[in-house]
There are 4 protein chains.
Amino acid sequence: MTLSVAVAGASGYAGGELLRILADHPDFEIRTVTAHNNAGHPLAAHQPHLRSLAHLTLSESTPETLAGHDVVFLALPHGRSGEVAAQLAADTLVVDAGADHRLEDPADWAAFYGGEYYGSWAYGVPELIVGPDGAKQRANLAGAKRIAAPGCNASAVSLSLAPGIHAGVIEEEDIVSVLAVGPSGAGKSLKTMYLASEILGSANPYAVGGTHRHIPEIQQNLRKAGATEPTLSFTPVLVPMSRGILATSTARVKPGVTAAQVQEVWEAAYADEPFVHVLPAGSVPRTADVLGSNSVLVGVALDQAAGRVVTVLAIDNLYKGTAGAAIQSANLALGLAETAGLSVNGVAP
Amino acid sequence: MTLSVAVAGASGYAGGELLRILADHPDFEIRTVTAHNNAGHPLAAHQPHLRSLAHLTLSESTPETLAGHDVVFLALPHGRSGEVAAQLAADTLVVDAGADHRLEDPADWAAFYGGEYYGSWAYGVPELIVGPDGAKQRANLAGAKRIAAPGCNASAVSLSLAPGIHAGVIEEEDIVSVLAVGPSGAGKSLKTMYLASEILGSANPYAVGGTHRHIPEIQQNLRKAGATEPTLSFTPVLVPMSRGILATSTARVKPGVTAAQVQEVWEAAYADEPFVHVLPAGSVPRTADVLGSNSVLVGVALDQAAGRVVTVLAIDNLYKGTAGAAIQSANLALGLAETAGLSVNGVAP
Amino acid sequence: MTLSVAVAGASGYAGGELLRILADHPDFEIRTVTAHNNAGHPLAAHQPHLRSLAHLTLSESTPETLAGHDVVFLALPHGRSGEVAAQLAADTLVVDAGADHRLEDPADWAAFYGGEYYGSWAYGVPELIVGPDGAKQRANLAGAKRIAAPGCNASAVSLSLAPGIHAGVIEEEDIVSVLAVGPSGAGKSLKTMYLASEILGSANPYAVGGTHRHIPEIQQNLRKAGATEPTLSFTPVLVPMSRGILATSTARVKPGVTAAQVQEVWEAAYADEPFVHVLPAGSVPRTADVLGSNSVLVGVALDQAAGRVVTVLAIDNLYKGTAGAAIQSANLALGLAETAGLSVNGVAP
Amino acid sequence: MTLSVAVAGASGYAGGELLRILADHPDFEIRTVTAHNNAGHPLAAHQPHLRSLAHLTLSESTPETLAGHDVVFLALPHGRSGEVAAQLAADTLVVDAGADHRLEDPADWAAFYGGEYYGSWAYGVPELIVGPDGAKQRANLAGAKRIAAPGCNASAVSLSLAPGIHAGVIEEEDIVSVLAVGPSGAGKSLKTMYLASEILGSANPYAVGGTHRHIPEIQQNLRKAGATEPTLSFTPVLVPMSRGILATSTARVKPGVTAAQVQEVWEAAYADEPFVHVLPAGSVPRTADVLGSNSVLVGVALDQAAGRVVTVLAIDNLYKGTAGAAIQSANLALGLAETAGLSVNGVAP
């Protein structure tokens, strides 16, 4: 059975990546692509790399144009999805690649985003440990009609640490994460800081000191994995690569835990996962290894002298970090094969 | 007075940067450039950007060719400087840009480098706090005849944290540093991991889990700044920029310390420094801002929720991280103006 | 029916790209991967991005290990394929991604490569015009048992110009091509010029003045498209992108030819092609648009004042430039769908 | 004697480079920096790399703020300099880094720029051959009060070809130039095409087919070097490096000219130049070799088979291409040492 799909925000980077994956998905047919400022343009004017969709034209992002599809993917600026989604039929699967429905606590929303709060949806990271028995989030996605795809950075850090939190081998307090991130996560935002001349040849930190919007999302995830009141120092650094997140996260190891146990905890947590892979002890991933794929690679080490577990996780912010997570979650919601249409192999070099 | 200079290891990146700075230094005259494999070649074959030195030819790196100069800069692979330096006249100023004479504890040398230990020299980071009264390392460089230029990463992390350690506003235990670094720090080493195809478009961690050789050097520096037994989780990440280090370092804040106090501590520590600048609260540096200069820019923030001070420091690994530190230290040793021949302005964009 | 495949040279970039495409190809099963220096290693040590093939181990590249497969892809250094291929069964389809069997004239081989000449095979660019009637090369690939995949640069320039040569709207003399190329075309060759520090932030020309080995291959192709004695100034420039070729080629326009005619000639030549697309007048492609795909995008313009047609062509050197061409040609040789297993959409941004 | 200087447009890239060079110039004192939208801001907010100028504040770009200086440098969007300059005192040296006063023919201005034409000024490329006797443009700059700094691309191509035109060894018709250029030449223009995500990992051509505004400027220069009606196919390609131009230019060689003659012609033309260097036969430059310097490196080759001379020229678009040319010309106009304050050594790697 082929399901009809609409993608709103199709002229941006997240929208483009959704379309790129959907174009080769065996169960979906892209019927409608919409945009705001770019409505009326040929899709090819904004996504020249999507040759198989070069015949499509962008229509306006309205509830009317989005109505009548089996699945609607929203790739809109934050604060926009809530309003649009509220007008879509309840039995339509709506997957929001934006931030509007990720946070469960209105206070978090108010503190980090602001504006109207539209409530939270099923969170689109199937591999996340969410129960004391090690249950994964995928169980909550089966049959869902409203799904919030994760923040790419939040996804990276949460998947890095959830195994250790769940197994009780690391402390939940005093976690430190520093991320090297590509600028495509910011979309086509026309700000000086995203100009090529500003980013080429430079490493540029931002949102330093606890202000990044993905912090409450990570804390929410870690609480589901077993933490009570996790604290996190989080610093993203823009580096000159278009895609990718390399998240280096560290947490204090609990007394007596060995390096072998650490390796085993992470391996066990993701042993059966099709997309999350723990590398052999001593190995760490590069972002190039996952570029253009839904794969997540994690390396983990115990630094005895520092008393900390160090995880290094690589993820493609646009694929597994956004569009792939959305489609993987939609697969689960619709009862399709979870891996349908999703690539495990990266494009390297 | 013009002092005669020799640079050993002149065909590499550190050697090239030494020569680039020395070429415009008002007090030095480059008389000899030496190399090992490349001896006999014109310098221009290996340093085509050094137009003003295009007439020089590389001679062999031997005690004989290096003898008879007022100053000798060594930019040799680790393990080589000790032997060469031992054969140079005691009254010649020898500045080693390599690692051979940085570590004061033979056990550290044995654990992280190995091979013969040649003893430690005056450490070439003038701005480092090394006394309980806030005394700086520059006092130890005046008149010195043997100087060890610092490790670029060690310099970055030590300058980031020394003010907080000295002032007692951060804990010395459980420091975490993650660095985005350019590949030029590795020199012209012909390994697959340094090929452009491996590094372009990717973030590549290495030496994860407490194995990097700069860790004992940082600990040694922090002890001089006032720490007793500092512990440090240290992770470097290669990113696609030729030069630069962006060091994100965090440490637990001591109880009751405010953001204003934190800012004040760092500003006070570097208030009179010609090359180290603390940015206004709320600002963070980019590596592009210091590229091609001897400047170090530091931003500092207190993340109350995480209970951590976060410092972000930008430095050019080849300039202030290596060659500039060597020359600044030589200036001090020789009684020249500390800033002679050194640029404070970066090359951006 | 599933065909068994072996890939020789599987630890390199071209070998990796062959495997990446083959892994998702509906008709092939990768059975053997071989290497020379790296024999015995797990494939994952050299191709960590190929998660779906992480179970494979590299065996030695010998006629014995390669024997017994339906298809053998060779991704070996030039001068090596000829010898290996000579020992493979005549009814095995052998596709050489190297240079050994591209040139039809032994004098060209001697002048630009040297060493033993093993003869030419069917040339693996199906879209190339090779007959006065506009016949394409794909006809020569059906049923072939020995195929020479093209040089990536040669493919780019030949596809750029063949339509104009065939239609007689441009002169065959005095063609000029300048290419911006990524370093992955050089493989994992450990030379200083391919180090990241040499290539990041710089544009580096090489093989200037008519010495590049793809020149006779381009001339051979243009002769098949209708030229008699084509002359070509060809300059490649390494730029800091891991993949991609942006070929800017110009040729003198024949008298009286209009811009509309030029556009029409190129559009007509590739109207039915699944992988080669002529952009609308006024548009030009970027290499990002074809990265990770088998697509070729061409923009064409007539510069009346200069009296020249300008073509700008974007191609992924590892995909359509090498591995994709090999697999597309194999599809044709084996009677499979020409497009089987090949992506038309690029990975951008 | 110290001369007072104002820089208009000081918050942009060209303005920043002017300030960076002027800051270390022995004869100038930067007294005023102005901007349009950014007036009132600290300079450091827009030029954080200029530590030695961090005390300056941007004032409004008006004739009043610019009045009363010995030298005024204008780094304004095209179409703005003419109006401002008309209101500055006649005996003030005004150097325009913009395009407003480069073109001598109002028809060229109308065809490629449009809007009011303000007339041409002395052209700021001292090394350009402008007379049948080989006279250089520097003679026309001595004592000048109004100077037009060149277009960076125009400068690159003109310096590449003028020796061959002047010596009569190449044809003036049918020149082809293809340039790899960094995005900083576009300034801080907020357009999607200049976003880092669009440029990282990609080669992006623009202004294809004879529309680039530097074409008439190049033709004007080549006429001064001896051409009558030069024709030029000119294609710029944006590549992922912040700075630099690598210009590959080719022209048909005149009959009977040898490779040795070609090398000799170029060497003779620039033998005494402090900033333009012809590399030995067989060598070509990289943009990294001139980054951050006023140097121009040229390699030249004769491709006998193609019948073309190929020149490859590297220049830093912001330094020698813009700000360095402006200051070098100002030095000449004011009777200072031509090389005062200008670097010959590049920043590499």
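The values are calculated or read from the model by the stated rules, or taken from the named source; none is laboratory data. Owing to the predicted nature of the structure, the values given are computational and were not obtained by experimental measurement. Note that each Cβ is placed from the backbone with ideal geometry, even for glycine, and that neighbours are counted across all protein chains shown. When the accessible area is computed, the model is the full protein with side chains, heavy atoms only, and any ligands, DNA or RNA have been set aside. Shrake-Rupley method; radii C 1.70, N 1.55, O 1.52, S 1.80 Å.
Listed values, structure above:
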read-out: Members of the stretch C:97-117 found to be outside any loop (DSSP other than H, G, I, E, B) and hydrophobic (A, V, I, L, M, F, W, C), listed by number; value: C:Ala107, C:Trp109, C:Ala110, C:Ala111, C:Phe112
read-out: Count of residues meeting criterion [of a type in the set (Val, Ile, Thr) and open to solvent by 10 Å² or more (accessible area, probe 1.4 Å)] in the stretch D:322-340; value: 2
read-out: Selection count, the stretch B:55-76, where residues are assigned to a loop (DSSP other than H, G, I, E, B) and open to solvent by less than 80 Å² (accessible area, probe 1.4 Å); value: 10
read-out: Members of the stretch A:275-294 that are hydroxyl-bearing (Ser, Thr, Tyr) and assigned to a helix (DSSP H, G or I); value: A:Thr287
read-out: Members of the stretch C:118-149 that are small (Gly, Ala, Ser), assigned to a loop (DSSP other than H, G, I, E, B) and open to solvent by 30 Å² or more (accessible area, probe 1.4 Å); value: C:Ser120, C:Ala135, C:Ala142, C:Gly143
read-out: Test: residue in the stretch A:233-243 that is surrounded by fewer than 24 Cβ atoms within 10 Å (Cβ to Cβ) and within 27 Å of A:Leu318 (Cβ to Cβ); value: yes
read-out: Qualifying position, being more than 17 Å from the chain's Cα centre (by Cα), of a type in the set (A, V, I, L, M) and more than 8 Å from every other protein chain (Cβ to nearest Cβ), among B:Val278, B:Val284; value: B:Val278
read-out: In the stretch C:190-200, the residues that are in contact with an Asp or Glu (Cβ under 9 Å, 6 or more places away or on another chain) and either open to solvent by less than 20 Å² (accessible area, probe 1.4 Å) or within 9 Å of chain D (Cβ to nearest Cβ) (or both); value: C:Ala196
read-out: Subset of the stretch D:302-311 (residues that are touching a Leu at 6+ places or on another chain (Cβ under 7 Å) and either in a loop (DSSP other than H, G, I, E, B) or more than 11 Å from chain C (Cβ to nearest Cβ) (or both)); value: D:Ala306
read-out: Any hit, the stretch D:150-165, residues being crowded, with 22+ Cβ neighbours inside 10 Å and at the interface with chain C (Cβ under 9 Å from one of its Cβ atoms); value: no
read-out: Those residues of the stretch D:219-234 which are within 19 Å of the chain's Cα centre (by Cα) and either closer than 22 Å to C:Pro183 by Cβ or in a loop (DSSP other than H, G, I, E, B) (or both), in sequence order; value: D:Ala225
read-out: Selection from the stretch B:91-117 of residues that are surrounded by fewer than 17 Cβ atoms within 10 Å (Cβ to Cβ) and within 25 Å of B:Leu19 (Cβ to Cβ); value: B:Asp91
read-out: D:Ser81 vs. criteria surrounded by 19 or more Cβ atoms within 10 Å (Cβ to Cβ) and over 19 Å from B:Ser343 (Cβ atoms); value: yes
read-out: Check on D:Ile215, within 19 Å of the chain's Cα centre (by Cα) and among the hydrophobic types (A, V, I, L, M, F, W, C); value: yes
read-out: Members of the stretch B:184-238 that are touching a residue at least 12 places away in the same chain (Cβ under 8 Å) and of a type in the set (Asp, Glu); value: B:Glu217, B:Glu229
read-out: Residues located in the stretch D:31-53, provided they are open to solvent by less than 40 Å² (accessible area, probe 1.4 Å), in a loop (DSSP other than H, G, I, E, B) and either over 20 Å from B:Leu291 (Cα atoms) or of a type in the set (A, V, I, L, M) (or both); value: D:Asn38, D:Ala39, D:Leu50
read-out: Residue that is open to solvent by 20 Å² or more (accessible area, probe 1.4 Å), within 19 Å of the chain's Cα centre (by Cα) and within 26 Å of D:Val262 (Cβ to Cβ), where the choices are C:Ala207, C:Ala186, C:Ala180; value: C:Ala207
read-out: Total residues in the stretch D:95-140, condition on the phi > 0 side of the Ramachandran plot and either among the basic types (Lys, Arg) or touching a residue at least 60 places away in the same chain (Cβ under 8 Å) (or both); value: 1
read-out: Boolean, A:Ala314 is within 19 Å of the chain's Cα centre (by Cα) and either within 11 Å of another protein chain (Cβ to nearest Cβ) or open to solvent by less than 10 Å² (accessible area, probe 1.4 Å) (or both); value: yes
read-out: All positions within the stretch B:247-271 that are surrounded by 22 or more Cβ atoms within 10 Å (Cβ to Cβ), assigned to a helix (DSSP H, G or I) and within 13 Å of chain A (Cβ to nearest Cβ); value: B:Val262
read-out: Qualifying residue in the stretch B:321-339 (condition: in a loop (DSSP other than H, G, I, E, B), within 12 Å of another protein chain (Cβ to nearest Cβ), within 11 Å of the chain's Cα centre (by Cα) and not acidic (Asp, Glu)); value: no
read-out: Restricting the stretch C:14-24 to residues that are open to solvent by 10 Å² or more (accessible area, probe 1.4 Å) and touching a residue at least 40 places away in the same chain (Cβ under 8 Å), the residue that is farthest from the chain's Cα centre (by Cα); value: C:Asp24
read-out: Count of the stretch C:150-173 residues which are more than 12 Å from C:Gln219 (Cα to Cα) and among the charged types (D, E, K, R); value: 1
read-out: Residue within the stretch D:141-153 that is closer than 27 Å to D:Asp303 by Cα and touching a residue at least 24 places away in the same chain (Cβ under 8 Å) present; value: yes
read-out: Per-region count, the stretch A:287-301, residues farther than 24 Å from C:Pro349 by Cα and at the interface with another protein chain (Cβ under 7 Å from one of its Cβ atoms); value: 2
read-out: Every residue from the stretch C:212-246 that is at the interface with another protein chain (Cβ under 9 Å from one of its Cβ atoms) and closer than 21 Å to C:Gly114 by Cα; value: C:Ile215, C:Phe234
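For every residue, the table says whether it meets (1) closer than 30 Å to B:Leu238 by Cα; (2) assigned by TED's automatic domain parsing to the domain that holds A:Ala323; (3) in contact with an Asp or Glu (Cβ under 7 Å, 6 or more places away or on another chain).
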site: A:Ala90; (1), (2), (3): no, yes, no
site: A:Leu93; (1), (2), (3): no, yes, yes
site: A:Arg102; (1), (2), (3): no, yes, yes
site: A:Ala111; (1), (2), (3): no, yes, no
site: A:Ala122; (1), (2), (3): no, yes, no
site: A:Leu179; (1), (2), (3): yes, no, no
site: A:Lys188; (1), (2), (3): yes, no, no
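For (1) more than 23 Å from A:Ala44 (Cα to Cα); (2) not assigned by TED's automatic domain parsing to the domain that holds C:Ala271, each residue gets a yes or a no:
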| residue | (1), (2) |
| --- | --- |
| C:Val290 | no, no |
| C:Leu297 | no, no |
| C:Gln304 | yes, no |
| C:Gly307 | yes, no |
| C:Ala326 | yes, yes |
| C:Leu342 | no, yes |
| C:Gly346 | no, yes |
